[in-house]
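Reading through the structure tokens given below for one structure.
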Amino acid sequence: MNRLNKCFNLLRTQKRAALIPFITAGDPNPELTVPLMHKLVEAGADIIELGVPFSDPMADGPVIQRASERALAAGTSLHQVLKLVKNFRVDNQITPIVLMGYLNPIEIMGYEAFSQNAQNAEVDGVLTVDLPIEEGTALNTLLRSHEIAPIFLLAPTTTAERIQRIAAQADGYLYYVSLKGVTGSADLDVNSVAEKVAEIRQYSNLPIAVGFGIKDAETAGKIAKVSDAVIVGSALVTLVETVPQSELLETMANVVRELRQGL
Amino acid sequence: MSVTKLNVPDAQGHFGPYGGIFVAETLMQPLEELRQAYEHYIKDSDFLAELDDDLFHFVGRPSPLYHAKRWSDVLGGAQIYLKREDLNHTGAHKINNTVGQALLAKRMGKKRIIAETGAGQHGVATATVAARFGMECVVYMGAEDVKRQAINVYRMRLLGAEVRTVESGSKTLKDALNEAMRDWVTHIDNTFYIIGTVAGPHPYPVMVRDFQTIIGRETRKQIQEKTGQLPDMLIACVGGGSNAIGLFYPFLEDHAVRIYGVEAAGDGLETGHHAAPLCAGKTGVLHGNRTYLMSDDNGQIIETHSISAGLDYPGVGPEHAWLKDSGRVQYVAINDQEALAAFHNLSRLEGIMPALESSHALAYCQKIAPTLDKNKSIVVNLSGRGDKDVHTVATLEGIKI
């Protein structure tokens with residue numbers, strides 16, 4: 001069984017929601033990424049979403065945009081992100097890794113080559129932000145054949161009919177975008193999230209993760225009660241800007257620990 | 001490959017392998033609503049009557065087709081006709097599209113308009129229609145462009161628009177587009193995003209094209225009134241490609257008409273500092289569609305360079321990508337110096353100061369006109385006027401105004 005399914009099965013027996021921290025690979029530099037990933041796991045991460053930096057991150061707010069810019073300035077490429085995952089796997093065979101990014105780097109590498117390389121690196125899932133199901137058949141079929149889960153976003157604007165079509169193609173988990181906006185936005189409404197998650201559950205047995213706009217342990221706790229996983233990105237990535245590099249690992253671990261206690 | 005305009009795009013907006021819809025999930029439903037509204041109103045006689053009325057009374061259409069006799073004589077070849085989009089209200093072809101989209105926004109009940117802009121012409125054209133319809137207007141503009149197009153920034157503010165300076169990425173048009181998309185995804189309920197070119201997710205490339213084909217439809221009629229026949233050649237500059245597709249589209253099935261799209265070669269194609277994805281780029285996905293792009297070996301978008309802010313864009317409309325592959329349109333590139341020379345030539349020989357964008361089309365015309373007989377005709381789309389570029393030209397030539 002693959003790592004994502006194993007992970008959610010275990011959490012189901014523990015009756016606990018998953019904590020999924022997001023960091024941008026290569027931010028602030030590629031050397032720090034693997035140590036950071038291990039630290040996140042140690043502090044309570046169940047799954048890690050690893051952002052693949054892109055020059056034009058249209059769906060991201062300023063915090064993740066700047067993370068992308070820093071990572072690119074440090075020379076991070078998709079090739080290198082896959083190498084980082086491979087390095088992480090030397091010491092960790094359990095924690096699922098999901099790559100989250102935009103389509104163009106994958107297009108340029110080639111779908112076949114990317115799927116093969118990602119499988120070799122033991123990537124568990126791939127979320128391509130700007131690839132809706134209508135355009136994604138070729139890539140998603142290849143990913144599946146390489147035992148990688150295609151992961152999809154659902155939004156407050158997604159109609160019931162679309163939820164069903166997307167769920168039919170998805171694997172691993174469904175990522176519900178908790179608000180209309182970009183990553184790191186404010187004003188998440190827990191009640192409306194709960195309603196939409198309940199609607200999605202009518203159409204899919206996949207675990208439902210919620211992200212965009214979860215900033216603290218209190219909100220994470222509330223969201224965890226109505227979903228299967230909580231994704232926290234900007235609130236962690238912002239630490240790269242506010243904390244000296246020498247203290248980054250410990251500070252991020254502390255924040256993740258706090259989030260985990262909220263679940 | 002045979003190309004007819006009737007077989008593209010398909011229902012999902014594909015021009016062969018190009019176009020489509022590549023956006024985050026939140027925008028899928030708003031784009032579907034836009035598509036339905038657009039496809040409904042573009043066949044609605046009341047909508048079309050209001051659009052025609054606005055194009056006539058507010059924009060000042062039809063724009064003249066002007067025989068540039070003196071310039072033609074100096075070049076000593078084909079007769080050159082200029083489609084005078086520079087004479088439109090606000091000084092460029094951009095208003096043809098903003099009038100159309102604003103009328104659509106009104107019918108969709110959207111009270112807030114957003115736009116991206118490079119040279120500022122699309123921003124001004126959007127601010128203009130927003131003012132007229134009493135809509136709130138926010139225009140995103142890269143910090144670099146805000147600097148080099150200060151007059152247009154002030155024009156937008158005078159028209160009541162809020163201009164938001166974009167500091168991310170390369171601080172030019174592509175980043176302004178990213179930021180406008182982020183705004184749209186955050187305010188979808190009340191906001192209509194007026195994209196200024198034939199790029200972006202479906203239905204934008206089709207919708208913007210349809211609003212701009214007024215250029216080609218008028219040209220077709222006007223040239224036949226003047227010469228009794230269709231032109232031998234069409235030339236237009238291509239950034240995103242809206243003025244070009246507007247001129248070309250009604251002629252695509254007239255296979256005797258040779259068609260040239262002119263990209264910005266910047267410092268020269270060989271230097272890598274240019275904005276010519278069709279001539280020297282590769283295919284990829286950006287801003288909601290698959291097309292030719294300026295991207296590096298890792299799939300990151302490369303910063304472009306052109307003397308003209310309006311052409312300084314790393315992508316191009318998907319229909320142009322399709323027309324390139326099909327061979328129906330030839331795409332060529334003109335560098336900064338050649339464009340600048342054409343800017344001066346037209347100013348001095350015809351008393352018309354062209355936009356630096358349009359100067360690229362004029363520069364290619366200068367090259368090719370002398371190779372053709374005097375009884376041949378070329379139509380160049382003079383997509384905008386050059387007042388906005390006076391500062392740029394002066395600075396480049398070491399003159400302080």
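The values are calculated or read from the model by the stated rules, or taken from the named source; none is laboratory data. If you're wondering where the values come from, they're calculated on a predicted model, not measured in any experiment. Heads up, the Cβs are rebuilt from the backbone with ideal geometry, glycines too, and the neighbour counts pull from every protein chain shown. Accessible surface areas use protein heavy atoms only, side chains included; no ligands, DNA or RNA. Shrake-Rupley method; radii C 1.70, N 1.55, O 1.52, S 1.80 Å.
For region A:64-87, the tally of residues that are within 12 Å of another protein chain (Cβ to nearest Cβ) and without any contact (Cβ under 8 Å) to a residue 40 or more places away in the chain stands at 6.
Table: residues versus (1) open to solvent by less than 30 Å² (accessible area, probe 1.4 Å); (2) more than 11 Å from chain B (Cβ to nearest Cβ); (3) not hydroxyl-bearing (S, T, Y); (4) not in a helix (DSSP H, G or I).
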{"residue": "A:R89", "(1), (2), (3), (4)": "yes, yes, yes, no"}
{"residue": "A:E107", "(1), (2), (3), (4)": "no, no, yes, no"}
{"residue": "A:S115", "(1), (2), (3), (4)": "yes, yes, no, no"}
{"residue": "A:D130", "(1), (2), (3), (4)": "yes, no, yes, yes"}
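Scanning region A:186-197 for residues that are open to solvent by 20 Å² or more (accessible area, probe 1.4 Å) and either without any contact (Cβ under 8 Å) to a residue 12 or more places away in the chain or touching a strand residue (DSSP E or B) at 6+ places or on another chain (Cβ under 7 Å) (or both) yields A:D189, A:N191, A:E195, A:K196. Among the residues of region B:151-167, those that are over 22 Å from B:Y204 (Cβ atoms) and within 14 Å of chain A (Cβ to nearest Cβ) comprise B:T165, B:E167.
Conditions tested, residue by residue: (1) modelled with pLDDT of 95 or more; (2) more than 10 Å from chain B (Cβ to nearest Cβ).
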site: A:L139; (1), (2): yes, yes
site: A:L143; (1), (2): yes, yes
site: A:L153; (1), (2): yes, no
site: A:D171; (1), (2): yes, yes
site: A:D189; (1), (2): no, yes
site: A:S192; (1), (2): no, yes
site: A:A198; (1), (2): yes, yes
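None of B:I368, B:I307 is β-branched (V, I, T), in a loop (DSSP other than H, G, I, E, B) and open to solvent by 10 Å² or more (accessible area, probe 1.4 Å) except B:I307. So which residues in region A:51-63 are surrounded by 23 or more Cβ atoms within 10 Å (Cβ to Cβ) and away from chain B (no Cβ under 11 Å)? A:G51, the sole residue that qualifies.
Restrict the check to region A:17-24 and report whether at least one residue is among the polar types (S, T, N, Q) and open to solvent by 30 Å² or more (accessible area, probe 1.4 Å). Checked region A:17-24: no residue is among the polar types (S, T, N, Q) and open to solvent by 30 Å² or more (accessible area, probe 1.4 Å).
Take B:I114 and decide whether it is in contact with a Pro (Cβ under 8 Å, 6 or more places away or on another chain), buried (at least 21 other Cβ atoms within 10 Å of the Cβ) and more than 27 Å from B:I307 (Cβ to Cβ). The answer is no for B:I114.
Where strands (runs of 3 or more DSSP E) fall entirely within region B:138-256, those with at least 1 residues that are small (G, A, S) and either surrounded by fewer than 21 Cβ atoms within 10 Å (Cβ to Cβ) or touching a residue at least 40 places away in the same chain (Cβ under 8 Å) (or both) are at B:233-237. Residues in region B:30-50 that are open to solvent by 40 Å² or more (accessible area, probe 1.4 Å) and within 11 Å of chain A (Cβ to nearest Cβ): B:E32, B:E33.
Taking region B:273-301 as the range and being facing chain A (nearest Cβ under 7 Å) and of a type in the set (V, I, T) as the test, the residues that pass are B:V285, B:I301. For region B:381-401, does any single residue satisfy the condition of being of a type in the set (A, V, I, L, M, F, W, C), more than 14 Å from every other protein chain (Cβ to nearest Cβ), more than 20 Å from B:A150 (Cα to Cα) and open to solvent by 10 Å² or more (accessible area, probe 1.4 Å)? Checked against the condition, which is being of a type in the set (A, V, I, L, M, F, W, C), more than 14 Å from every other protein chain (Cβ to nearest Cβ), more than 20 Å from B:A150 (Cα to Cα) and open to solvent by 10 Å² or more (accessible area, probe 1.4 Å), region B:381-401 yields no hits at all.
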